[in-house]
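Here's the structure we're looking at; comments come further down.
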Amino acid sequence: MAEELRPLSERVTAPTEPALPEHPDVAEWRPATDADIDGIWRLRQAMGRLDHPNYLTTRGAIAADFGYSHFHPELDSLVGLDADGRIVANGVVLLPPRQETLVRSIAIGGVHPELRGRGIGRQLLAWQLDRAKQQLASSAKRLPGWILLYADERAPQNARLFERAGLNLARYFLSLERVLAEPIRAVEPADGIRIAAYTPAVSAAVHAARDDAFMDHWASQPMSDENWAAFVGSRWFRPDLSFVAFGTDPRGQEQVVGFVLTTANEDVWKTQGFTGSYIDLVGVVSGWRGKHIAQALLAAQLQAGRALGHERVTLAVDSASPTGALGLYTGMGFQPVHRKLAFTLEF
């Protein structure tokens, strides 16, 4: 029997106050406020166009972070302003709720491309790691605690920064693309499985199915109601490109057993070079796998995208997923194009 962990509050040493960065090219450091959302968005756009032009952070996603009850911007965020008052650096540290098997502190941010290579990012990351340790140390849970950051392989300076700070490369996530002009094979799920378009009426049931399906995924935890509502309620969510699988249990009751959920950000089409959608979530609940449900859901999504005139569909997958997801996607015609690296500091 594995030894029980001590509470995180006893295992994580955190500073009383994270030290603010000090740099001659940054005139002021302070916590972010709602009034900074546009400035942060412009910074993220400038970073994204250079580091990963195929996906850009939306303003809505940043605004959603500021709306979560678990996000405290006066403690969990930092912006660096230049002499003209422009936001040139930003760090956010999120501690999502619903921690069942893992407590995660997730750090996001960076420095404007014009100011890179001057040591600002190193100081910003040090602040983020200190704040993340504070978050983990505030938990009395006897669970593993992780500080988690991601770096696109097209921005190798971030990976080097994380490694120098003592984080470990833990996982590779592959970005996959599927050309919709290529043939889409028809897939019929097992008898008793019904595929239907997503509607708001099944939102709660699909949320529960998502939490079940993703419990064996690396670093995944259940989504809070706030996070779920922000996802399916965003302007980019596409019900017309999202599908749900229903199965009948031994009592004769129909239930949600699988899903494919999609967004489409038209603002990124020019920078990524094609029109199309992004599959954010696809899964099948435990006990219903092996019935061709995921393949049938993907086929429905691909056909719907083609009918709209889209050129490609993209998604990301854990390259070492124990569910065999990579083989599932390549079997449906997806091909790897980029990698994202996940770094952790574990307690």
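Charged neighbours of GLY233, selected by a Cβ distance under 12 Å, balance to -1 (K, R count +1; D, E count -1). At the residue level, LYS291 shows approximately 70 square angstrom of accessible surface with a 1.4 angstrom probe and all protein chains present. Which one of ALA196, ALA107, ALA132 has the biggest mean-square fluctuation once the chain is modelled by GNM with Cα springs under 10 Å? Result: ALA196 has the largest fluctuation of those listed.
What is the local net charge at SER321, summed over the other residues whose Cβ is closer than 10 Å to its Cβ (Lys, Arg +1; Asp, Glu -1)? For residues surrounding SER321, the net value is -1.
I need the shape label for the stretch 242-347. Rule: rounded when a/c is under 1.5, else prolate if a/b > b/c, else oblate, with a, b, c from the alpha carbon gyration tensor. In terms of gyration-tensor shape, oblate. In a fully extended conformation the segment linking LEU75 and GLU188 would gain 35.6 nm over its present Cα-Cα distance, using 0.36 nm per residue. Each 10 Å bin from zero holds the following percent of Cα-Cα pairs in the stretch 226-268: 25, 39, 24, 10, 2. Applied to the stretch 189-200, the Karplus parametrisation 6.51 cos²θ - 1.76 cosθ + 1.60 on θ = phi - 60° returns per-residue 3J(HN,Hα) values of x, 4, 4, x, 9, 10, 9, 9, 5, 5, 9, x Hz, with x for Gly and Pro. Relative to one another, the C-alpha centroids of the stretch 1-72 and the stretch 313-340 are positioned 28 Å apart. Can you pull the percent of the chain's accessible area that's carbon plus sulfur, 1.4 Å probe, other chains left in place? For the chain, the apolar C and S fraction of the accessible surface comes to 52 percent. Using a simple spin-label model with pseudo-atoms 7 Å out from Cα toward Cβ, ARG118 and TRP269 lie 3.8 nm apart. For Rg/Rh (Cα atoms, Kirkwood Rh), the value calculated from this model appears in (1) 1.01; (2) 0.98; (3) 0.95 under label (2). Between THR330 and SER286, the simple spin-label model (points 7 angstrom out along Cα→Cβ) gives 2.7 nm.
Amide H contacts for ASP280 (H built 1.01 Å from N in the peptide plane; partners 5 or more residues away or on another chain; cut-off under 5 Å): LEU261, THR262, THR263. Considering only alpha-carbon pairs that sit under 8 angstrom and 6 or more positions apart, the relative contact order computed for the stretch 206-286 is 31 percent.
How high is the relative contact order of the stretch 123-245, in percent, with contacts defined as C-alpha pairs under 8 Å that are six or more residues apart?
22
With the Cα gyration tensor of the stretch 1-156 giving a ≥ b ≥ c as the square roots of its eigenvalues, does the rule (a/c under 1.5 for rounded; else a/b larger than b/c for prolate; else oblate) give rounded, prolate or oblate? Prolate shape, in that a/c is at least 1.5 and a/b is the bigger ratio.
Sequence-distant contacts, meaning Cα pairs under 8 Å at least 6 residues apart, place the relative contact order of the chain at 22 percent. Taking the chain as a Gaussian network of alpha-carbon nodes connected by springs under 10 Å, the highest mean-square fluctuation of the residues ALA325, ALA170, ALA316 belongs to ALA170. Relative to one another, the C-alpha centroids of the stretch 163-217 and the stretch 82-117 are positioned 26 Å apart.
Adding -39500 (n - 2.57) for every DSSP H run of four residues or longer, then dividing by how many residues the chain holds, sets the calculated 222 nm ellipticity at -8500 deg cm²/dmol.
Ratio of Rg to Rh for the stretch 45-113: 1.01 [Cα atoms; Kirkwood radius as inverse mean 1/r over pairs]. Counting charges near LEU8 (Lys, Arg +1; Asp, Glu -1) among other residues having Cβ under 9 Å from its Cβ returns a value of +3. Evaluated at q = 0.13, 0.19, 0.23 Å⁻¹, a Debye calculation over the C-alpha positions of the stretch 67-175 (equal weights, vacuum) places log10 I(q)/I(0) at -0.53, -1.06, -1.37. Largest GNM mean-square fluctuation across TYR278, TYR68, TYR329, computed for the chain with C-alpha springs under 10 Å, falls on TYR68. Taking the alpha carbon gyration tensor of the stretch 181-258, multiplying each eigenvalue by 5 and rooting it gives semi-axes of 22, 19, 14 Å, largest first.
Using R₀ = 51 Å, calculate the FRET efficiency as 1/(1 + (r/R₀)^6) where r is the Cβ-Cβ separation of ALA126 and GLN303; round to 0.05.
0.55
Residue by residue, the stretch 309-322 carries 3J(HN,Hα) couplings of x, 5, 8, 8, 10, 10, 6, 10, 9, 5, 5, 10, 4, x Hz when phi is fed to the Karplus relation 6.51 cos²θ - 1.76 cosθ + 1.60 (θ = phi - 60°); x denotes Gly or Pro. Couplings 3J(HN,Hα) of the stretch 225-232, computed from phi: 4, 5, 4, 5, 4, 5, 5, 6 Hz, in residue order, whole Hz [Karplus 6.51 cos²θ - 1.76 cosθ + 1.60, θ = phi - 60°; x for Gly and Pro].
Summed over the residues of the stretch 286-345 and divided among them, the accessible surface reaches 41 Å² per residue at a probe radius of 1.4 Å.
The values are calculated or read from the model by the stated rules, or taken from the named source; none is laboratory data. A quick note: this is a predicted structure, and the numbers were derived from the prediction, not measured. FYI the Cβ positions are ideal-geometry reconstructions off the backbone, even for glycines, and counts take in every protein chain you see. SASA here: full protein model, heavy atoms, side chains in, ligands and nucleic acids out. Shrake-Rupley method; radii C 1.70, N 1.55, O 1.52, S 1.80 Å.
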